[in-house]
Amino acid sequence: MSERLFGSDVTFQQRILKSAGLYPGLIDGLWGPLTDAAFEAFFEKTEEIAEELGTFDRRTERNLTALQLPAQRAARRFMARVLADGIDARIISATRSYDEQNTLFRQGRFGNPGHRITKARGGQSRHNFAIAWDLGIFEGGAYLQNAAPYDRAAEVGLDEAIEWGGHWQSFQDRPHYRLAVGLRISEVRERFEAGEPYFGEEAPGVDPAESAAGEAP
Ligand SMILES: [Zn+2]
């Protein structure tokens with residue numbers, strides 16, 4: 001079951017696990033006993049966090065459990081505050097491998113059907129590093145797109161561990177949240193690809209205007 005958390009890209013999964021400090025092996029794209037054990041450890045910690053901070057609807061759970069562990073903590077606390085305010089919110093998207101991001105990028109480009117929904121290629125979004133999530137707000141089962149309920153969710157849900165896309169200067173992305181890690185995306189990408197940590201248990205925040213510069217959501 002845990003093998004399916006991050007899709008079928010083993011290299012991507014090993015980078016997540018190694019950055020989390022759970023995988024001592026090489027990032028070689030080969031599934032072996034060390035990768036397997038790291039997944040079990042990751043999954044156990046995920047269950048501990050869920051037990052401590054509460055669980056949500058199935059879609060939210062599927063997305064939450066594919067985030068890095070400190071992001072899981074931040075997102076669960078966030079969701080609890082938003083739901084306590086009476087907002088019908090779910091996490092509708094979270095971690096995407098580079099391949100999945102590239103597939104999304106091609107939508108609406110190069111003659112492909114659909115609307116363009118991202119400006120980021122693989123490795124250009126914090127979703128690719130398992131530290132970002134997108135919120136969907138619903139009313140009577142219908143997905144809401146107007147700004148007001150998203151502003152309200154941020155008002156009640158944010159804390160110092162989280163950065164919100166609605167605070168960006170150039171392009172406001174109200175459904176978008178991410179773990180504050182105090183690093184530029186190029187630094188996060190370098191560390192992720194090397195399997196080095198890019199977040200702490202207590203991650204510092206960064207100036208949102210600065211951190212959003214040159215970065216696609
Ligand atoms: Zn997003």
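Every number here is computed from the coordinates shown, using simple stated rules; none is lab data. It should be emphasised that the depicted structure is a prediction, and the values quoted were computed from it without experimental measurement. Cβ sites come from the backbone with ideal geometry, for glycine too, and all protein chains shown count toward neighbours.
Couple of notes before you dig in:
- Positive end of the dipole of the chain (Cβ unit charges, origin at the Cα centre): among Leu64, Gly29, Gln172, the Cα lying farthest that way belongs to Gln172.
- Basic side chains Lys and Arg get +1 at the Cβ, acidic Asp and Glu get -1 at the Cβ, and with that the dipole of the chain about its Cα centre reaches some 820 debye.
- Put simply, the convex hull of the Cα atoms in the chain casts, on average, a shadow of 12.0 nm².
- Our note on the geometry: Cα centres of segment 107-145 and segment 147-203, 15 Å apart.
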